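Asks: Take a look at this one; I'll ask things after.
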Amino acid sequence: MLCGMTQRFFLPLLSGAAGLLMLACTPSTDLPLMTANNPQTTGEGESLFQQGKEAEATGHIKRAIKRYDQAASNFPFSPSAPQARFRQAQLLEQTNQGVDAFDAYQKFLVRFQASNLYSAALASQAKIAHAAADGSIERNFLGIHSRLATDKIVEMLGQVRDNAPQTATAARAQFTIGRIYQDEHNVAKSIAAYRQLVRDQPGSREAPEALFGVGVVLTEDANRGNRNQATLDLAREAFNDYLTQYPTHHRNVEAHQLLANLGSRELQGSFNIAEYYYKTGQFASAKVYYHDVLKRVPSGPLHDASLARIKELGE
């Protein structure tokens with residue numbers, strides 16, 4: 001009796017499971033079987049590719065771009081799919097559709113990594129991204145041309161970097177991200193981009209420039225009115241790190257000069273603070289900063305002026 005009950009209980013479950021399995025394994029009739037061995041899809045893909053070539057040969061570039069896109073998007077396993085996508089990107093680039101060309105190259109790089117056209121596609125994509133960074137590629141909205149948004153340019157450069165990790169192409173892209181933010185006076189993002197390059201590719205050609213750039217960004221921030229002493233301390237630290245890590249780099253002399261300038265700036269800053277406290281009657285605080293000046297320099301105008309003040313205050 002128990003055996004009969006067990007059979008009545010499990011047989012419907014098994015039948016349901018088998019049905020679900022058959023349903024899951026049944027190919028959809030709405031989608032083509034995109035396999036290299038499927039003659040139908042291969043033939044359709046090759047046909048679209050040939051239509052693209054014919055349209056291009058007769059000067060119908062828009063139609064050619066469309067056919068190449070269809071061949072690569074709908075039939076990515078056909079033999080001509082890599083060439084179709086690559087040629088689509090080239091035509092977009094040649095007709096000054098830089099952003100669309102960049103996206104087409106990105107699709108190629110993601111999908112056809114084994115193609116012998118990969119290096120050429122990567123080089124072309126990087127060229128477009130750097131042109132965008134330099135302002136050569138513009139956004140056209142209702143006939144009004146304007147520079148691409150910074151976020152878009154940084155996104156493009158980030159894709160170039162990620163498509164070729166640990167290469168000269170990646171280093172240049174990451175350095176350009178830092179430079180863009182530096183030009184926009186975005187201190188935090190510029191420093192973060194430069195430091196990421198130094199951390200990820202310390203041996204790259206751009207790494208010394210990036211670490212030097214950190215010090216420059218902080219110094220420029222101080223020049224624009226940031227009176228936080230920590231900014232100058234961080235700038236000094238960046239220049240010293242640069243000199244330590246890259247002692248033969250061609251900007252070493254410049255770094256030493258900038259460090260000397262930072263020292264002079266701090267010396268003048270300490271004296272200015274001391275004078276402020278002196279003039280407001282906060283003599284104890286004034287003495288602290290006058291002594292700081294004396295510790296920093298053994299002689300000179302600021303040294304002599306600080307010494308005179310200290311004597312005046314009864315020391």
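Asks: Here is a check on your reading of the model: is residue 54 over 36 Å from the mean Cα position of the chain (by Cα), modelled with pLDDT under 95 and of a type in the set (Asp, Glu)?
Replies: The answer is no for residue 54.
Asks: Under 9 Å by Cβ, and 6 or more places apart or on different chains, what pairs join a residue from the stretch 283-308 that is on the phi > 0 side of the Ramachandran plot with one that is surrounded by 15 or more Cβ atoms within 10 Å (Cβ to Cβ)?
Replies: 300/267
A quick yes/no check of all residues on (1) surrounded by 12 or more Cβ atoms within 10 Å (Cβ to Cβ); (2) within 30 Å of residue 178 (Cα to Cα); (3) not assigned by TED's automatic domain parsing to the domain that holds residue 184:
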| position | (1), (2), (3) |
| --- | --- |
| 203 | no, yes, no |
| 212 | yes, yes, no |
| 221 | yes, yes, no |
| 226 | yes, yes, no |
| 234 | yes, yes, no |
| 238 | yes, yes, no |
| 276 | yes, no, yes |
| 287 | yes, no, yes |
| 312 | no, no, yes |
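Asks: List pairs: first in the stretch 97-116 and in the same structural domain as residue 129 (by TED's automatic domain parsing), second in a helix (DSSP H, G or I) and among the acidic types (Asp, Glu), Cβ under 6 Å, 6+ apart or cross-chain?
Replies: From the stretch 97-116, the pairs are 101/93.
Asks: Of the residues that sit in the stretch 275-298 and are aliphatic (A, V, I, L, M) and under 44 Å from the mean Cα position of the chain (by Cα), which one is nearest to residue 313 (Cα to Cα)? Break it down into steps so the answer makes sense when it comes.
Replies: Just the residues of the stretch 275-298 that are aliphatic (A, V, I, L, M), to begin with: 284, 286, 288, 293-294, 297.
Filter once more, keeping what is under 44 Å from the mean Cα position of the chain (by Cα): 293, 297.
Values: 293: 16, 297: 20 Å.
Ranking the qualifying residues of the stretch 275-298, first place goes to 293.
Asks: On to the next question. Name the single residue, out of those in the stretch 160-178 being under 11 Å from residue 201 (Cα atoms) and among the aliphatic types (A, V, I, L, M), that is farthest from the chain's Cα centre (by Cα).
Replies: Per the criteria, the residue is 168.
Asks: For the stretch 227-238, indicate whether the set of residues that are at pLDDT below 85 and not in a helix (DSSP H, G or I) is non-empty. It would help to see each step written out before you state the result.
Replies: So in the stretch 227-238, the residues at pLDDT below 85 come out as 227-229.
From the residues that got through so far, the ones that are not in a helix (DSSP H, G or I) too are 227-228.
Yes, the conditions are met somewhere in the stretch 227-238.
Asks: Name the pairs: first residue in the stretch 232-246 and within 15 Å of residue 262 (Cα to Cα), second residue polar (S, T, N, Q), Cβ to Cβ under 6 Å, at least 6 apart or on different chains?
Replies: 235/219
Asks: Turning to a different aspect of this structure: Looking at (1) part of a helix (DSSP H, G or I); (2) surrounded by fewer than 20 Cβ atoms within 10 Å (Cβ to Cβ), which is the only condition residue 249 fails?
Replies: (1)
Asks: For the stretch 105-127, indicate whether the set of residues that are among the aliphatic types (A, V, I, L, M), within 15 Å of the chain's Cα centre (by Cα) and either at pLDDT 95 or above or under 22 Å from residue 205 (Cα atoms) (or both) is non-empty.
Replies: yes
Asks: Something else about it: Report yes if some residue within the stretch 58-71 is under 30 Å from residue 168 (Cβ atoms), surrounded by fewer than 17 Cβ atoms within 10 Å (Cβ to Cβ) and more than 20 Å from the chain's Cα centre (by Cα); otherwise report no.
Replies: no
The values are calculated or read from the model by the stated rules, or taken from the named source; none is laboratory data. Since the structure is predicted, the reported quantities are computational estimates derived from the model, not experimental observations. Note that each Cβ is placed from the backbone with ideal geometry, even for glycine, and that neighbours are counted across all protein chains shown.
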